[in-house]
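Contents: one structure, followed by commentary.
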Amino acid sequence: MTEDCIFCAIVAGRAPAHRVFEDERVLIFMDLFPAHAGHTLIIPKQHATDLFEVGAEDLAAVVAQSKPLAAALERVFDCDGIAVIQLNRAAAGQTVFHYHMHLIPRNAGEPFGVHGKRQAPAERLAEQAARLREVFEPAG
Ligand code: 5GP
Ligand code: ZN
(Lines give C-alpha, C1' and ligand atoms only; values in the text may rest on other atoms or scores of the structure.)
(Ligands and ions follow the chains in the order given, each with its own letter.)
Protein backbone atom coordinates (compact mmCIF):
# COMPACT_ATOMS: atom_id res chain seq x y z
CA MET A 1 0.00 0.00 0.00
CA THR A 2 1.25 3.49 -0.76
CA GLU A 3 0.23 6.45 1.41
CA ASP A 4 -0.79 8.88 -1.34
CA CYS A 5 -2.52 6.45 -3.71
CA ILE A 6 -6.28 7.04 -3.97
CA PHE A 7 -6.98 3.46 -5.08
CA CYS A 8 -4.98 2.05 -2.14
CA ALA A 9 -7.09 4.32 0.09
CA ILE A 10 -10.25 2.84 -1.48
CA VAL A 11 -8.96 -0.72 -0.95
CA ALA A 12 -8.21 0.10 2.70
CA GLY A 13 -11.63 1.73 3.21
CA ARG A 14 -10.04 5.13 3.91
CA ALA A 15 -11.74 6.63 0.81
CA PRO A 16 -15.30 5.94 -0.35
CA ALA A 17 -16.21 3.95 -3.46
CA HIS A 18 -19.26 2.18 -4.83
CA ARG A 19 -18.12 -1.43 -4.71
CA VAL A 20 -19.40 -4.12 -7.04
CA PHE A 21 -17.20 -7.08 -6.04
CA GLU A 22 -14.07 -7.97 -4.14
CA ASP A 23 -12.07 -11.05 -3.25
CA GLU A 24 -8.63 -11.49 -1.72
CA ARG A 25 -6.90 -10.23 -4.89
CA VAL A 26 -9.12 -7.74 -6.75
CA LEU A 27 -11.69 -5.00 -6.23
CA ILE A 28 -14.31 -3.79 -8.72
CA PHE A 29 -15.92 -0.37 -8.23
CA MET A 30 -17.72 2.37 -10.16
CA ASP A 31 -15.59 5.07 -11.84
CA LEU A 32 -16.32 8.44 -10.20
CA PHE A 33 -16.15 10.31 -13.55
CA PRO A 34 -17.85 7.84 -15.88
CA ALA A 35 -17.32 8.12 -19.61
CA HIS A 36 -20.65 6.24 -19.92
CA ALA A 37 -23.20 4.81 -17.49
CA GLY A 38 -21.74 1.64 -16.02
CA HIS A 39 -18.07 2.67 -16.33
CA THR A 40 -16.30 0.36 -13.88
CA LEU A 41 -12.71 -0.25 -12.79
CA ILE A 42 -11.04 -3.53 -11.80
CA ILE A 43 -7.89 -3.19 -9.70
CA PRO A 44 -5.52 -5.51 -7.87
CA LYS A 45 -5.63 -4.83 -4.13
CA GLN A 46 -1.85 -4.99 -4.04
CA HIS A 47 -0.40 -1.68 -5.23
CA ALA A 48 1.37 -1.76 -8.60
CA THR A 49 1.83 1.37 -10.68
CA ASP A 50 0.98 -0.06 -14.08
CA LEU A 51 1.29 -3.01 -16.46
CA PHE A 52 5.07 -2.87 -16.17
CA GLU A 53 4.86 -3.52 -12.41
CA VAL A 54 1.75 -5.62 -11.81
CA GLY A 55 2.31 -9.23 -10.76
CA ALA A 56 1.28 -12.02 -13.11
CA GLU A 57 -1.25 -13.53 -10.67
CA ASP A 58 -2.88 -10.17 -9.96
CA LEU A 59 -3.06 -9.46 -13.69
CA ALA A 60 -4.64 -12.87 -14.33
CA ALA A 61 -7.20 -12.23 -11.56
CA VAL A 62 -8.16 -8.85 -13.06
CA VAL A 63 -8.56 -10.35 -16.53
CA ALA A 64 -10.57 -13.29 -15.16
CA GLN A 65 -13.11 -11.00 -13.47
CA SER A 66 -13.43 -8.80 -16.58
CA LYS A 67 -15.43 -11.54 -18.31
CA PRO A 68 -18.26 -11.87 -15.75
CA LEU A 69 -18.21 -8.08 -15.30
CA ALA A 70 -18.79 -7.62 -19.03
CA ALA A 71 -21.76 -10.00 -18.81
CA ALA A 72 -23.18 -8.12 -15.81
CA LEU A 73 -22.73 -4.75 -17.55
CA GLU A 74 -24.53 -5.99 -20.64
CA ARG A 75 -27.44 -7.24 -18.54
CA VAL A 76 -27.79 -4.11 -16.42
CA PHE A 77 -27.06 -1.42 -19.03
CA ASP A 78 -28.31 -3.20 -22.16
CA CYS A 79 -25.30 -1.83 -24.07
CA ASP A 80 -24.27 -2.68 -27.64
CA GLY A 81 -20.64 -3.30 -26.67
CA ILE A 82 -18.02 -2.86 -23.97
CA ALA A 83 -14.64 -1.14 -24.30
CA VAL A 84 -11.82 -2.60 -22.20
CA ILE A 85 -9.19 0.11 -21.76
CA GLN A 86 -5.97 0.06 -19.78
CA LEU A 87 -3.53 3.00 -19.82
CA ASN A 88 0.11 2.84 -18.72
CA ARG A 89 2.14 5.93 -17.79
CA ALA A 90 1.27 9.58 -18.27
CA ALA A 91 2.36 9.48 -21.91
CA ALA A 92 -0.44 7.00 -22.57
CA GLY A 93 -3.02 9.09 -20.66
CA GLN A 94 -2.85 7.30 -17.29
CA THR A 95 -3.98 9.62 -14.49
CA VAL A 96 -4.17 7.29 -11.45
CA PHE A 97 -0.93 5.41 -10.92
CA HIS A 98 -2.31 2.18 -9.46
CA TYR A 99 -2.85 -0.44 -12.18
CA HIS A 100 -6.51 -0.62 -13.28
CA MET A 101 -8.63 -1.93 -16.13
CA HIS A 102 -11.59 0.15 -17.37
CA LEU A 103 -14.77 -1.55 -18.61
CA ILE A 104 -16.92 1.03 -20.40
CA PRO A 105 -20.35 0.18 -21.88
CA ARG A 106 -20.76 1.50 -25.43
CA ASN A 107 -23.68 2.05 -27.75
CA ALA A 108 -23.52 2.24 -31.53
CA GLY A 109 -23.02 5.75 -32.89
CA GLU A 110 -22.06 7.38 -29.58
CA PRO A 111 -18.83 9.40 -29.37
CA PHE A 112 -16.00 7.57 -27.65
CA GLY A 113 -13.98 8.68 -24.63
CA VAL A 114 -12.13 7.08 -21.71
CA HIS A 115 -12.45 9.95 -19.23
CA GLY A 116 -15.80 11.50 -18.29
CA LYS A 117 -16.08 15.25 -17.73
CA ARG A 118 -18.39 15.30 -14.71
CA GLN A 119 -18.44 13.51 -11.38
CA ALA A 120 -21.48 11.23 -11.18
CA PRO A 121 -23.94 11.78 -8.31
CA ALA A 122 -23.29 9.35 -5.44
CA GLU A 123 -26.90 8.10 -5.44
CA ARG A 124 -26.67 7.14 -9.11
CA LEU A 125 -23.39 5.25 -8.64
CA ALA A 126 -24.77 3.51 -5.54
CA GLU A 127 -27.85 2.38 -7.43
CA GLN A 128 -25.79 1.14 -10.42
CA ALA A 129 -23.36 -0.75 -8.16
CA ALA A 130 -26.30 -2.41 -6.38
CA ARG A 131 -27.80 -3.55 -9.69
CA LEU A 132 -24.42 -4.93 -10.81
CA ARG A 133 -23.91 -6.77 -7.50
CA GLU A 134 -27.27 -8.54 -8.03
CA VAL A 135 -26.22 -10.12 -11.33
CA PHE A 136 -22.41 -10.39 -11.08
CA GLU A 137 -21.25 -14.02 -11.00
CA PRO A 138 -17.52 -14.04 -10.16
CA ALA A 139 -15.03 -16.15 -12.07
CA GLY A 140 -13.17 -18.91 -10.27
P1 5GP B 1 -6.65 6.42 -15.95
O2 5GP B 1 -6.67 7.73 -16.64
O3 5GP B 1 -5.53 6.40 -14.92
O4 5GP B 1 -6.64 5.22 -16.84
O5 5GP B 1 -8.03 6.31 -15.18
C6 5GP B 1 -8.25 6.70 -13.86
C7 5GP B 1 -9.73 6.62 -13.63
O8 5GP B 1 -9.97 6.72 -12.24
C9 5GP B 1 -10.51 7.74 -14.32
O10 5GP B 1 -11.50 7.18 -15.15
C11 5GP B 1 -11.11 8.52 -13.15
O12 5GP B 1 -12.40 9.00 -13.43
C13 5GP B 1 -11.11 7.52 -12.03
N14 5GP B 1 -10.97 8.08 -10.70
C15 5GP B 1 -10.08 9.03 -10.30
N16 5GP B 1 -10.21 9.27 -8.98
C17 5GP B 1 -11.19 8.43 -8.54
C18 5GP B 1 -11.77 8.20 -7.24
O19 5GP B 1 -11.41 8.81 -6.23
N20 5GP B 1 -12.76 7.25 -7.18
C21 5GP B 1 -13.17 6.56 -8.27
N22 5GP B 1 -14.15 5.67 -8.09
N23 5GP B 1 -12.64 6.75 -9.50
C24 5GP B 1 -11.66 7.67 -9.62
ZN1 ZN C 1 -2.23 2.05 -4.89
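The values are calculated or read from the model by the stated rules, or taken from the named source; none is laboratory data. All figures in this text were calculated on a predicted structure; none of them were measured in a lab. With ideal geometry, Cβ positions are generated from the backbone for all residues, glycine too; neighbour counts draw on all protein chains shown. These area figures cover heavy atoms from the full protein model, side chains too; ligands, DNA and RNA do not enter into them. Shrake-Rupley method; radii C 1.70, N 1.55, O 1.52, S 1.80 Å.
Please determine whether any residue of segment 111-120 is away from ligand 1 (no atom under 13 Å from the Cβ), at pLDDT below 95 and out of contact with any helix residue (DSSP H, G or I) (no Cβ under 8 Å at 6 or more places or on another chain).
Within segment 111-120, one or more residues are away from ligand 1 (no atom under 13 Å from the Cβ), at pLDDT below 95 and out of contact with any helix residue (DSSP H, G or I) (no Cβ under 8 Å at 6 or more places or on another chain).
When segment 50-97 is examined, which residues are found to be of a type in the set (Lys, Arg) and within 14 Å of the chain's Cα centre (by Cα)?
Within segment 50-97, LYS67 is the sole residue that qualifies.
Open to solvent by 20 Å² or more (accessible area, probe 1.4 Å), within 16 Å of ligand 2 (Cβ to nearest atom), under 22 Å from PRO121 (Cα atoms) and under 14 Å from the mean Cα position of the chain (by Cα), is that true of ALA17?
For ALA17, the condition - open to solvent by 20 Å² or more (accessible area, probe 1.4 Å), within 16 Å of ligand 2 (Cβ to nearest atom), under 22 Å from PRO121 (Cα atoms) and under 14 Å from the mean Cα position of the chain (by Cα) - is met.
Would you mind stating whether ALA70 is at pLDDT 95 or above and open to solvent by 20 Å² or more (accessible area, probe 1.4 Å)?
Judged against the criteria, ALA70 is a match.
Quick check on VAL63: is it more than 9 Å from ligand 1 (Cβ to nearest atom) and open to solvent by less than 50 Å² (accessible area, probe 1.4 Å)?
Here the answer is no, as VAL63 does not meet what is asked.
Going by the structure shown, is VAL76 more than 16 Å from ligand 2 (Cβ to nearest atom) and touching a Leu at 6+ places or on another chain (Cβ under 7 Å)?
Yes, satisfied.
Looking only at residues that are touching a residue at least 12 places away in the same chain (Cβ under 8 Å), of a type in the set (Gly, Ala, Ser) and open to solvent by 40 Å² or more (accessible area, probe 1.4 Å) in segment 101-122, which one is farthest from ligand 2 (Cβ to nearest atom)?
ALA108
Please identify the pairs in which a residue from segment 49-63 that is hydroxyl-bearing (Ser, Thr, Tyr) has its Cβ atom under 8 Å from the Cβ atom of a residue that is open to solvent by 40 Å² or more (accessible area, probe 1.4 Å), counting only partners at least 6 apart or on another chain.
THR49/PHE97
Scan ASP80, ASP50 and give me the residue that is at pLDDT 95 or above and either among the β-branched types (Val, Ile, Thr) or open to solvent by 70 Å² or more (accessible area, probe 1.4 Å) (or both).
Answer to the selection: ASP80.
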